[in-house]
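Throughout, read-outs are computed from the coordinates displayed, never taken from laboratory work. Because the structure is a prediction, the values reported are computed rather than measured. Glycine also receives a Cβ, built like all others from the backbone with ideal geometry; neighbour counts cover every protein chain displayed.
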Amino acid sequence: MRNSPRPDGVPESLQTQAVASAIAATVWTIDGAPWATIVIGASCGTICSVDLSGTRSGVDGEDVWLLTVNPATSEVHVDSTDLQALPADLVTWLDDAGRSLADLDDGLKLSAAEWLPPPDQDRFRLSYRSGGEEGSCAVELLIDARAGSLVDRSASGC
């Protein structure tokens with residue numbers, strides 16, 4: 001946290017071993033391997049808002065974690081995630097699985113693949129689009145890779 005490239009870096013109240021350990025116990029990568037590049041930024045009052053992102057070679061995309069941290073207790077809460085650091089071969093496999101499970105039109109292109117953190121680590125959210133224009137067909141899938149099943153499907157503009 002002391003080496004954050006973000007303007008104003010990370011407040012000193014977060015630069016403790018207890019907070020770093022609590023964040024490390026909360027944040028995951030798809031396969032448990034560490035990120036090669038980490039960017040962290042934070043702002044604090046009594047409670048701190050922390051945004052943490054990481055990437056590494058061999059994967060597409062980045063993982064982004066938005067956290068709330070209480071520096072007094074080192075308690076960490078996950079506010080939201082956007083976890084797209086996935087190996088290319090896994091993205092290809094997920095696309096094939098999603099298309100098969102949901103019987104998708106070939107005109108739809110995969111625009112994003114996201115993995116979900118524990119306890120849903122076997123689930124993936126896939127986003128498909130027919131084009132870049134506003135109002136074009138959009139399909140969102142939630143698949144359970146371990147069970148090989150479609151958990152949810154939503155569509156708009158199709």
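In segment 84-103, what residues are hydrophobic (A, V, I, L, M, F, W, C) and outside any loop (DSSP other than H, G, I, E, B)?
Restricting attention to segment 84-103, the residues satisfying the condition of being hydrophobic (A, V, I, L, M, F, W, C) are 85-86, 88, 90-91, 93-94, 97, 101-102.
Across segment 84-103, the qualifying residues are Leu86, Ala88, Leu90, Val91, Trp93, Leu94, Ala97, Leu101, Ala102.
Any chance you could count how many residues in segment 15-32 are β-branched (Val, Ile, Thr) and assigned to a helix (DSSP H, G or I)?
Number satisfying all stated conditions: 3.
Answer with yes or no whether Thr46 is out of contact with any Ser or Thr (no Cβ under 7 Å at 6 or more places or on another chain) and closer than 18 Å to Leu14 by Cα. Before you say what the answer is, go through the steps one by one.
Numbers: out of contact with any Ser or Thr (no Cβ under 7 Å at 6 or more places or on another chain): yes; closer than 18 Å to Leu14 by Cα: yes.
Taking the combined requirement at face value, the residue satisfies it.
Quick one: is Asp79 under 16 Å from the mean Cα position of the chain (by Cα), in a strand (DSSP E or B), surrounded by fewer than 13 Cβ atoms within 10 Å (Cβ to Cβ) and not basic (Lys, Arg)?
Numbers: under 16 Å from the mean Cα position of the chain (by Cα): yes; in a strand (DSSP E or B): yes; surrounded by fewer than 13 Cβ atoms within 10 Å (Cβ to Cβ): yes; not basic (Lys, Arg): yes.
Judged against the criteria, Asp79 is a match.
Exactly one of these conditions fails for Ala113: (1) more than 30 Å from Ile40 (Cβ to Cβ); (2) of a type outside the set (D, E, K, R); (3) not in a loop (DSSP other than H, G, I, E, B). Give me its number.
That leaves (1) as the condition not met.
Determine the pairs where a residue that is over 11 Å from Leu141 (Cα atoms), located within segment 97-126, has a partner that is part of a strand (DSSP E or B) and basic (Lys, Arg) with Cβ atoms under 7 Å apart, the partner being 6 or more residues away or on another chain.
Here the result reads Leu108/Arg129; Lys109/Arg129; Ser111/Arg129; Leu116/Arg123; Leu116/Arg125, each pair linking segment 97-126 to a residue that is part of a strand (DSSP E or B) and basic (Lys, Arg).
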